[in-house]
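Novice: Could you have a look at this structure, given as structure tokens, before my questions?
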Amino acid sequence: MTNKNRGVLIAVLVVVVLGIGAIYLYNQQTLSQNSTNTATSTSYNTQTQGKVVFGITDAAASMGAISSVVITVNKIEVHSQAQGWATVSTGTEQFDLLALKQSGATSLLARANVAVGTYDLVRLTVSNVVVTDNGAQKVAKLLSGELIIIGATIVNANTTSTAVFDFMTDKSLHVTGNGGFVFIPVIKMETKSNTDATIDSNNAVHINAGHVDADVNEGMDVNGEMKANFILNGSTKFDVVNDILKVTVQGENDSAIKITSNAAINAAVSGGHLDTTISVMLTTQNGKKEWVVSGLKNLILTNVYVDVVTGAVVKTSAQSGNQ
């Protein structure tokens, strides 16, 4: 090989090495940037972070022929006044709530290293609920996949905190008129700080000691909004029509009602008052019967009131909710 060829080869090798080095540095920088945009990281800073263990359980009463209620959780987020919403976990996990009830176990939902601070809200994103009734599987209607629960989760430096969600399935699951199911969650959340929490080989969470920071009960209403100390009346009757929850009340067969629930929904949507519809229910406002159609307008929970005689939209009202 001539000196000239040898020089060319060396130059090519230098360029290749520099290129590989540049790609490596770029990837490392990108990974570093991505890690700062999430609530958690694989590293653990004992001065600025604590550990949080999220668990799920169920203390439901016996549910007869219903042998299984499998819930799919896709995301967990926490909220603080200082930082806003931060993602804790995006892993998809499935849990059989009735199996948890039978075993008495608290199963691991997620664990993460979280920045020190006080978090006032937790948001669970649920995508699916499947009920096994007399051996047949049925997908339950889910009013809202976002379950926002108010309650303090306090994270101290180099300590472990816990947040356990007790799904009260017997109060959450409702049978529709045609034998289907609607899942309208009722949840108890207990949070503790400075705990001694361990996770065994079966992913069961065991919590010892610690200070109770929150012990709250919240339930979803027919609009899909979580409310403190709220449980739907057990005698409430439901139907699902075109994937929309219809709450059945007495007096719907009154001859004075000229507008059907479907017509009321059409009035709310076609009039541009709602983007999507969650539920419809007959109500009485100031002595007059009206259909109240609930749904989302620009991602804000909104009620639209429709006259049962004329079909005209009487008023709309947006609900503040937890953002």
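Novice: Working only within the stretch 106-139, note down all residues that are outside any strand (DSSP E or B) and crowded, with 21+ Cβ neighbours inside 10 Å. Show your work before the answer.
Specialist: Within the stretch 106-139, the first condition is being outside any strand (DSSP E or B), and the residues that meet it are 106, 116, 134-135.
Correct list: Thr106 only.
Novice: Within the stretch 302-323, track down each residue that is closer than 30 Å to Gln81 by Cβ and buried (at least 19 other Cβ atoms within 10 Å of the Cβ).
Specialist: Across the stretch 302-323, the qualifying residues are Thr302, Asn303.
Novice: Now, a different point. Quick check, is Asn286 closer than 25 Å to Met168 by Cβ and surrounded by fewer than 19 Cβ atoms within 10 Å (Cβ to Cβ)?
Specialist: Numbers: closer than 25 Å to Met168 by Cβ: no; surrounded by fewer than 19 Cβ atoms within 10 Å (Cβ to Cβ): yes.
No; evaluated as a whole, the condition is false for this residue.
Novice: Check whether at least one residue in the stretch 196-213 is outside any loop (DSSP other than H, G, I, E, B), outside the structural domain of Lys297 (by TED's automatic domain parsing) and within 28 Å of Thr284 (Cβ to Cβ), and report yes or no.
Specialist: Filtering the stretch 196-213 for residues outside any loop (DSSP other than H, G, I, E, B) gives 196-199, 204-208, 211-213.
With the extra rule that they be outside the structural domain of Lys297 (by TED's automatic domain parsing), the set shrinks to 196-199, 204-208, 211-213.
When the remaining residues are screened for being within 28 Å of Thr284 (Cβ to Cβ), the result is none.
No, every residue in the stretch 196-213 fails to be outside any loop (DSSP other than H, G, I, E, B), outside the structural domain of Lys297 (by TED's automatic domain parsing) and within 28 Å of Thr284 (Cβ to Cβ).
Novice: Name the one entry in Lys171, Lys192 that is assigned to a strand (DSSP E or B) and among the basic types (Lys, Arg).
Specialist: Working: Lys171 fails: assigned to a strand (DSSP E or B).
Only one candidate passes the filter, namely Lys192.
Novice: Can you name the residue in the stretch 232-249 that is outside any strand (DSSP E or B) and out of contact with any His (no Cβ under 9 Å at 6 or more places or on another chain) and is also surrounded by the most Cβ atoms within 10 Å (Cβ to Cβ) among such residues? Working first, answer last.
Specialist: Applying the first criterion (outside any strand (DSSP E or B)) to the stretch 232-249 yields 232-236, 242-243, 249.
From the residues that got through so far, the ones that are out of contact with any His (no Cβ under 9 Å at 6 or more places or on another chain) too are 233, 235, 242-243, 249.
Working: Asn233: 6, Ser235: 5, Asn242: 8, Asp243: 8, Val249: 12.
Among those that are outside any strand (DSSP E or B) and out of contact with any His (no Cβ under 9 Å at 6 or more places or on another chain), it is Val249.
Novice: Return yes when Ile257 is modelled with pLDDT under 90, β-branched (Val, Ile, Thr) and not in a strand (DSSP E or B) and no when it is not.
Specialist: Taking the combined requirement at face value, the residue satisfies it.
Novice: Find all pairs meeting these conditions: Cβ atoms under 7 angstrom apart; at least six residues apart or on different chains; first residue within the stretch 289-304 and over 17 Å from Ile148 (Cβ atoms) and assigned by TED's automatic domain parsing to the domain that holds Val249; second residue of a type in the set (Ser, Thr, Tyr) and surrounded by 18 or more Cβ atoms within 10 Å (Cβ to Cβ).
Specialist: Note: pairs meeting the criteria are Glu290/Tyr305; Trp291/Ser261; Val292/Tyr305; Val293/Thr277; Gly295/Thr277; Gly295/Thr302; Asn303/Ser294.
Novice: Answer yes or no: is there a residue in the stretch 301-318 that is hydrophobic (A, V, I, L, M, F, W, C), within 26 Å of Met226 (Cβ to Cβ) and in a loop (DSSP other than H, G, I, E, B).
Specialist: no
Novice: Right, next: State all residues of the stretch 72-93 that are in contact (Cβ under 8 Å) with a residue 24 or more places away in the chain and acidic (Asp, Glu); if no residue qualifies, say none.
Specialist: Within the stretch 72-93, just Glu77 meets the criteria.
Novice: I'd like to verify a number: residues in the stretch 233-247 that are more than 19 Å from Pro185 (Cα to Cα) and of a type outside the set (A, V, I, L, M), how many?
Specialist: Step one: of the stretch 233-247, the residues more than 19 Å from Pro185 (Cα to Cα) are 241-242.
Retained after the next criterion (residues that are of a type outside the set (A, V, I, L, M)): 242.
The number of residues fulfilling the criteria is 1.
Novice: Search the stretch 296-320 for residues being touching a strand residue (DSSP E or B) at 6+ places or on another chain (Cβ under 7 Å) and among the polar types (S, T, N, Q), and hand back the single one that is farthest from Ala267 (Cα to Cα).
Specialist: Gln319
Novice: Moving on. Based on what the data block shows, is Glu252 modelled with pLDDT under 95 and surrounded by fewer than 17 Cβ atoms within 10 Å (Cβ to Cβ)?
Specialist: In short, yes.
The rows are residues; the columns are (1) out of contact with any Leu (no Cβ under 7 Å at 6 or more places or on another chain); (2) under 23 Å from Ser67 (Cα atoms); (3) basic (Lys, Arg).
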{"site": "Ile150", "(1), (2), (3)": "no, no, no"}
{"site": "Phe167", "(1), (2), (3)": "no, yes, no"}
{"site": "Thr191", "(1), (2), (3)": "yes, no, no"}
{"site": "Asn194", "(1), (2), (3)": "yes, no, no"}
{"site": "Ala197", "(1), (2), (3)": "yes, no, no"}
{"site": "Ala204", "(1), (2), (3)": "yes, yes, no"}
{"site": "Ile207", "(1), (2), (3)": "yes, no, no"}
{"site": "Val222", "(1), (2), (3)": "no, no, no"}
{"site": "Glu225", "(1), (2), (3)": "no, no, no"}
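The values are calculated or read from the model by the stated rules, or taken from the named source; none is laboratory data. Since this is a predicted model, take the numbers as computed values, not measurements. For neighbour counting, all protein chains shown are included, and Cβ atoms are generated from backbone atoms with ideal geometry for every residue, glycine included.
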